[in-house]
Amino acid sequence: MDPIDLKKLDPDFKHRLARELGGEQIKKCFSCGVCSARCPIEKIEPEYNPRRIIRMILLGMEEELLKEEFLWHCSTCYTCQESCPQEVDFTEVIFVLRNMAVRKGLAPAGLGAARNLLDQQGRMYEIGDFENEKRKEMGLPEIKGNAKDYRELLKD
Amino acid sequence: MKYAFFLGCTVPVRNLNYELSARWVARELGLELVDLEDFQCCGFPLKSLNLLDSLVVAARNLALAEQAGLPVCTLCSACGGFLSEANSHLQHNHDLKSQVNDRLKVSGLEYKGTIQVKHFIRILYEEIGIERIRERITRPLYGFSFAPHYGCHYIKPARTAGGIDPVEDPKSLTELIEVTGAKALRYETLLDCCGGSVLGIKEDLANTLAGNKLSEVNRLGGNGLVLICPFCNVMFENQQKKIEKKLEQKLKVPVLYYSQLLGLALGTDPDTLGFKLNRIKDKEFLTGFERRD
C-alpha cells in the first residue's frame, strides 16, 4: 500500500458514517483488533481486514475504501460484532459502507439484480405454475405471491 | 400456539423437504402454522444496497402478520434474523417508523410494532420445549450421531435474535438433536459460518469456508450435518460436489434438516418428510433405522 496522502483525507467521513443506522458506534474503536483476529474471511483472504477498514474510516479514506471490492466479501457472520469490547457494530458498518458505495455508483456490477427481482415479483425465485404444480404433487399449498405493490413500494 | 408461517424465497421453491417436514412436525406437536397469501421476500437481499428499502420490505411483511394478529414463524435464519432486526429498529426509532409507514401507504398497510418474530427451531425449543418433545418420541434414534450447524443469523446479532443461545456456546439445536435419542457431535468448526452470503460475489471464498466444516464433519464420521437454514443448505448440499473438486477429496457428508430428523423420531417415515429430495443421504441410517421396527 502506498503512503497515505493526507490531502485526500476527509475528516468528516467518520461523522457521516456515524449518522447512518448501524454506524453510530464507529468512533469508539480503540484498535484492539479482536474483529480481525476472529474474522473467518480474513483468515482465508488477508486483504479483507476489519481493523484496517476501521482505521481507514477513522482517517477519512472514503475514496479508497468505497471502491474496494473486499467490502463485498464479508459473510455477515457477526463474529466481529459479537466480540467487540467497544460495542462497535462492525457487521452493520460493512452494510453502511456498501450502501454508501452503491449511492456513489461504486458497487460491483450485477448487484442490482436482487432489486430488480423484488421489483418484478416480490421474491428472489419466481413461483409460477411449474413450481406450484410441484408443490401440489408434494401436498403443499399453492403460493399466489401477490406482489403488485412492490414496484411502487421500491420506487426511488 | 398459532403463527403466521413465513416461508421466504428459497424454501418454497428449492427446499420442499424442509417445508414438508416442518409442517408435519408442527402439526404433530400442536403448533398451528397459518399461510398468509401476500407474504413475500423478507427484505434481507436489499440490505447491502439500501437499508431503508430493505426495512420497508420487512415492515410490509410484519404489517401483514399484524393484520392477521399473529406472531411470525420463519424457517430461514436470514429471514428470521432480518425480520427481527427490522422489528427492533422500527420499534425503537419513531422517526424511522414514520418514514417507513409513509412508504407503506402504497401497499395500504401500516406497521405498528405489535408482533414478535421467531425461528421455527426457537419455537420448538422455547415454546414446545424439550420435555414435551421427549414425551412424544416413539422411535428414538439411538446409536446415530449428527453434527449440528447453528449458522449465524439464528443466534446473532444477540441483541435482536432474542437471546436464545449464548453466541459462543449455543445449546438449543444440540439439545433438540439429543432429545431424539441421537448423539450431537461437538466439533472444532461448530460455530463457523457456511459462507452463503459471499457465494454470489466470490464463490471460491464461500466454498473454502463451507469446505472447512465439511472436511471436519467428514473426518468425524457420524450420520450427517443437521441444518436449520436453507441458505446454509445451498452451501453444504448444493455446493458439496464443487467443494469436493476444490479440496480434491471425497466428502459425501449427508445433509438434512432438523425437522426431518425430529419427524423420524416422532414416528413418521422418510417419504413423508421429503427425504427423497435430499441430495446426499445416509442410506445406512435411513434403512438401518427402518429395519428396527
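Quick note: the coordinates plus some simple rules give every number you see, no bench work behind them. These numbers were taken from a predicted model, which means no experiment stands behind them. Here the Cβ positions follow ideal geometry from the backbone for every residue, glycine too, while neighbour counts run over all protein chains shown.
Suppose we filter B:35, B:53 for residues that are of a type in the set (D, E, K, R), within 11 Å of another protein chain (Cβ to nearest Cβ) and in contact with a strand residue (DSSP E or B) (Cβ under 7 Å, 6 or more places away or on another chain); which single one remains?
Unique residue meeting the criteria: B:35.
Out of the residues in the range A:109-127 meeting the condition of being assigned to a loop (DSSP other than H, G, I, E, B) and surrounded by 12 or more Cβ atoms within 10 Å (Cβ to Cβ), tell me which one is farthest from the chain's Cα centre (by Cα).
Filtering first and then ranking leaves A:127.
Quick one: how many residues across the range B:92-133 are without any contact (Cβ under 8 Å) to a residue 12 or more places away in the chain and closer than 28 Å to residue B:33 by Cβ? Steps first, answer last, please.
Of the range B:92-133, the ones without any contact (Cβ under 8 Å) to a residue 12 or more places away in the chain are B:92-95, B:98, B:102, B:105-106, B:108, B:129, B:131.
Filter once more, so that each one left must be closer than 28 Å to residue B:33 by Cβ: B:108, B:129, B:131.
Total meeting the criteria: 3.
Since residue B:219 meets every condition but one in (1) within 14 Å of chain A (Cβ to nearest Cβ); (2) free of Cβ contacts under 8 Å to residues at least 12 places away in the same chain; (3) not small (Gly, Ala, Ser), which condition does it not meet?
Of the numbered conditions (1) within 14 Å of chain A (Cβ to nearest Cβ); (2) free of Cβ contacts under 8 Å to residues at least 12 places away in the same chain; (3) not small (Gly, Ala, Ser), the odd one out for residue B:219 is (1).
If you scan the range A:43-62, which residues turn out to be in a helix (DSSP H, G or I) and either over 16 Å from the mean Cα position of the chain (by Cα) or surrounded by fewer than 17 Cβ atoms within 10 Å (Cβ to Cβ) (or both)?
A:43, A:44, A:51, A:52, A:55, A:56, A:58, A:59
Would you confirm whether any residue within the range B:45-68 is of a type outside the set (A, V, I, L, M, F, W, C) and under 17 Å from the mean Cα position of the chain (by Cα)?
yes
As an exercise: evaluate residue A:93 against (1) within 10 Å of chain B (Cβ to nearest Cβ); (2) assigned to a helix (DSSP H, G or I); (3) surrounded by 20 or more Cβ atoms within 10 Å (Cβ to Cβ) and give the number of the one condition it does not meet.
Condition not satisfied by residue A:93: (1).
Given B:91, B:116, which one is surrounded by fewer than 17 Cβ atoms within 10 Å (Cβ to Cβ), more than 24 Å from the chain's Cα centre (by Cα) and not small (Gly, Ala, Ser)?
Sole residue among the options that is surrounded by fewer than 17 Cβ atoms within 10 Å (Cβ to Cβ), more than 24 Å from the chain's Cα centre (by Cα) and not small (Gly, Ala, Ser): B:91.
Report, by residue number, each residue of the range B:243-293 that is more than 14 Å from every other protein chain (Cβ to nearest Cβ), loosely packed, with under 15 Cβ neighbours inside 10 Å and outside any loop (DSSP other than H, G, I, E, B).
Residues satisfying the conditions are B:245, B:283, B:284, B:287, B:288, B:290, B:291.
Would you mention how many residues in the range A:112-140 are touching a residue at least 12 places away in the same chain (Cβ under 8 Å) and of a type outside the set (S, T, N, Q)?
7
Any residue at all in the range B:257-276 that's in contact with a Lys or Arg (Cβ under 6 Å, 6 or more places away or on another chain), free of Cβ contacts under 8 Å to residues at least 40 places away in the same chain and of a type outside the set (Ser, Thr, Tyr)?
Taking every residue of the range B:257-276 in turn, none turns out to be in contact with a Lys or Arg (Cβ under 6 Å, 6 or more places away or on another chain), free of Cβ contacts under 8 Å to residues at least 40 places away in the same chain and of a type outside the set (Ser, Thr, Tyr).
Does the range B:172-208 hold any residues that are within 14 Å of another protein chain (Cβ to nearest Cβ) and either at positive phi or touching an Asp or Glu at 6+ places or on another chain (Cβ under 7 Å) (or both), and which are they?
B:188, B:189, B:195, B:205, listed by residue number.
Restricting to the range A:97-156, count the residues that are facing chain B (nearest Cβ under 7 Å) and hydrophobic (A, V, I, L, M, F, W, C).
12
Can you give me the number of residues within the range B:171-226 that are in a loop (DSSP other than H, G, I, E, B) and not charged (D, E, K, R)?
Total meeting the criteria: 19.
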